[in-house]
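Every number in this text was worked out from the coordinates using simple rules, so none of it is lab data. As the structure is a prediction and not an experimental result, all values here were calculated from the model. FYI the Cβ positions are ideal-geometry reconstructions off the backbone, even for glycines, and counts take in every protein chain you see.
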Amino acid sequence: MSKASVHIIITGGAGGIAEAVLQQLGKSFQGAVGLVDIDRKGLDRMCDNYGSADLQVTPYCIDLRDHTALRKAVTDFAKTPLSRLGQIVRIQI
C-alpha cells in the first residue's frame, strides 16, 4: 500500500503541536514538510527525529514577523524536489 503525499509548511515547527503532526505524518504520508521557527536547536531536533527517505523535513530558522525571510522560505521550499505547494491553509487551534 503506497503512502499518500503531503507538502506542507508548519509554523511553530520546533514545538509540541508540530511534533505531534510530524509523528502522524511519518506513519502514513510521504513528501515534504517545511518547519518554520526561531528555535534552531528545536528545528534541528525535529529534522533529526522525523526526517526520512519518505518524508523530507526542511528547517527554516526565521521570525514570522520578517516578511522578506518568510517569503524566501516559502519560495525555497517550493523548489525542493518533493514539494508541490498548492494553496496555503491556515489552521487555528
Quiz item: Under Stokes-Einstein, with the Kirkwood radius over Cα pairs standing in for Rh, what whole-number D in µm²/s applies to segment 26-75 at 4 °C and 1.567 mPa s?
Solution: 113
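Give me the net charge for the shell around ARG40: Cβ to Cβ below 13 angstrom, other residues only, Lys and Arg +1, Asp and Glu -1. Could you put the intermediate results ahead of the total?
On the way: positive: LYS41, ARG45; negative: ASP37, ASP39, ASP44, ASP48, ASP63.
Once positives and negatives cancel, what remains is -3.
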Quiz prompt | Computed E for LYS3/ARG40 - FRET, C-beta separation, R0 22 angstrom, nearest 0.05 | solution = 0.15
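For ILE17 and LEU64 in one chain, what is 0.36 nm times their gap in residues minus the Cα-Cα distance, to one decimal in nm? Let's see the in-between values first.
On the way: separation 47, 0.36 × 47 = 16.92 nm, distance 1.71 nm.
My answer for the length gained is 15.2 nm.
Which net charge results when you count Lys and Arg as +1 and Asp and Glu as -1 among the other residues whose beta-carbon is under 15 Å from that of ASP63? It would help to have the intermediate numbers written out before the result.
Details: positive: ARG40, ARG65, ARG71, LYS72; negative: ASP37, ASP39, ASP66.
Counting the neighbours of ASP63, the net charge comes to +1.
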Self-check item: Eligible lysines near LYS41 by straight Cα distance, threshold 27 Å, same-chain separation 8 or greater
Solution: LYS27, LYS72, LYS79
